[in-house]
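Asker: For reference, the structure I am asking about is given below.
What follows draws every value from the coordinates through simple rules; no lab data is involved. Note that this is a predicted model, so its numbers are computed, not measured. Cβ atoms come from the backbone with ideal geometry, glycine included; neighbour counts cover every protein chain shown.
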Amino acid sequence: MVRRIRSGRRGTPNLGSYSAGVSYYDAFRRKLIPSDETLIREYKRTAYACANLNAVGLTNISLKLYVKSDKGDKKTILRTKSLSSKRIDWLCSQSYLSKSLRSFVNVEEVVTHPVLDLLRKANDTPFMNGVRLSELTQLYQEITGKAYWLITNNVFGIPENIWLIPSQYMYPYKEPSSRSKTPIDYYEYIPPGVSEPIEYNVNDIIPFYMPSLTNPYVEGLSPLEAAFEANEVNNKLLTHQDALLENEARPDAMITPGKETAFGPEEAERYEKQFRMRFARGRQGGVWVVEDDVNFTPIAFPPQDLARLEINKWSKNDLANAFQVPFALVADASHNREQLEAAERQHAKYGLSVRCARDAAVKNDLLISRYDDSGRLFLAYDDPIPENKEEKLQENVQLGMNGFKTPNEIRKDYNLPPVAGGDELRAINVSPEMMRDNERKNGNAEK
């Protein structure tokens with residue numbers, strides 16, 4: 001499964017954009033495409049905030065295992081629980097599950113299964129678990145565009161551990177004489193300080209890729225690389241501001257002699273010390289009475305802070321767009337609750353939902369197949385888009401008043417206990433036509 005190469009590299013690295021001859025990312029062709037190590041070092045500030053919003057958001061959405069039953073299938077021996085028709089309809093609406101739910105009679109949630117245990121524990125190390133594995137896997141994709149899982153099996157050939165491989169040290173290789181139709185023959189892991197690379201079999205690696213147009217089979221384009229110019233502008237602004245705060249090399253005023261003769265060194269030092277004693281350390285705004293013949297001239301510099309703020313805002317907005325994070329979630333300005341809730345829904349709809357679909361699709365194809373080759377088992381995330389509570393309340397009120405939903409059914413939606421007599425439909429807000437129809441059915445209509 002895993003072995004070391006003694007004679008050095010044999011194949012050709014398949015490195016996506018580098019292999020395509022694209023080595024610059026700026027319009028003037030002066031700045032090289034950042035390496036994975038460079039991208040990892042840029043995991044800070046706005047990129048850190050956006051990447052973590054996506055990674056933590058994905059981790060907080062429940063990933064569940066389901067089993068489908070079709071005509072002629074035996075009843076599963078797995079411990080399951082039934083699903084509501086609403087939940088089944090939602091699963092059927094997910095495009096990444098179209099292959100799994102092409103035909104079925106029933107779908108149930110699997111409560112216990114070895115793959116659920118594996119995703120919860122990850123591996124045997126004490127500092128790694130399923131939550132951390134999921135978060136780090138997504139973070140590597142957000143920053144470098146790819147992540148790799150090494151799957152190790154037990155003596156029975158069942159997956160036992162998931163090892164996250166740092167993507168900046170992993171290289172897909174293709175042998176020059178290879179007749180394989182697959183784009184990769186093997187992977188090489190070359191961590192710092194290791195003279196001999198470690199070779200991994202393709203079947204032992206589960207790769208996760210962000211979409212890339214250069215080489216979609218072995219390379220991913222991360223949001224950070226896509227907006228690297230904006231990230232550099234943000235870095236330079238902050239570095240420049242830090243340099244000004246640390247050593248602001250510009251005077252705010254000048255003291256010049258009023259007479260024709262210039263100051264001597266001792267006299268100039270005396271004025272400087274006197275000025276500092278009166279106005280240094282926050283004592284601005286005082287009055288300085290000078291008996292000597294001197295001129296005090298304040299120096300006004302053109303305002304640049306507003307321009308810096310606008311450039312900083314542009315660069316942060318460009319980064320947020322690349323990460324599919326609404327600007328309201330990373331902006332400095334205060335937002336009201338409605339704006340933040342709208343931003344969270346937008347983030348869930350356009351940022352998290354596609355990441356959930358991409359992640360679950362990879363796990364279904366390359367992890368679930370190691371346990372079950374019948375196609376009956378599949379993983380799916382819960383709906384990442386938060387429910388609109390006001391719309392749900394209005395809908396339940398209307399359904400209850402029009403007699404389409406019982407009080408106990410409404411109470412169940414809010415995790416409230418049932419009440420006596422709450423299983424009967426009670427139409428309260430009905431039209432005169434509906435009332436006459438009910439009277440005719442009950443035999444109480446006036447002749």
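Asker: Check THR152: other-chain or 5+ apart residues with amide H under 5 Å from its amide H, H built from backbone geometry?
Answerer: So THR152 has HN proximity to GLU160, ASN161, TRP163.
Asker: Apply the Karplus curve 6.51 cos²θ - 1.76 cosθ + 1.60, θ = phi - 60°, to the phi angles in the range 193-202 and return the couplings in whole Hz, x for Gly and Pro.
Answerer: Those phi angles translate into x, 9, 7, 9, x, 9, 9, 10, 5, 4 Hz.
Asker: Between THR214 and residues 5 or more places away or on another chain, which pairs have amide H atoms under 5 Å apart, with H built 1.01 Å from N, and which residues are they?
Answerer: Placed amide hydrogens put nothing under 5 Å from THR214.
Asker: While we're on this one: Quick one: SER374, SER35, SER177, fewest Cβ neighbours within 10 Å first, how do they rank?
Answerer: Listed from fewest to most nearby Cβ atoms, that is SER177, SER374, SER35.
Asker: Then there's this: What pairs in LYS146/LYS349; LYS121/LYS405; LYS121/LYS174; LYS349/LYS412; LYS121/LYS412; LYS44/LYS121 have C-alpha atoms more than 30 Å from each other?
Answerer: In this structure, LYS121/LYS405; LYS121/LYS174; LYS121/LYS412 lie more than 30 Å apart at Cα.
Asker: Return SER62, SER315 ranked ascending by Cβ neighbour count within 10 Å, so the fewest neighbours appear first.
Answerer: Values: SER62 9, SER315 22.
Listed from fewest to most nearby Cβ atoms, that is SER62, SER315.
Asker: Could you give the nm distance between label points at ALA49 and LYS121, where each point is 7 Å from its Cα heading toward the beta carbon?
Answerer: Reported label-point gap for ALA49 and LYS121 is 4.0 nm.
Asker: Please report LYS75, LYS313 as a ranked list, fewest other C-beta atoms within 10 angstrom at the top and most at the bottom. Mind showing how you got there, number by number?
Answerer: Details: LYS75 7, LYS313 14.
Placing the least packed residue first, the sequence is LYS75, LYS313.
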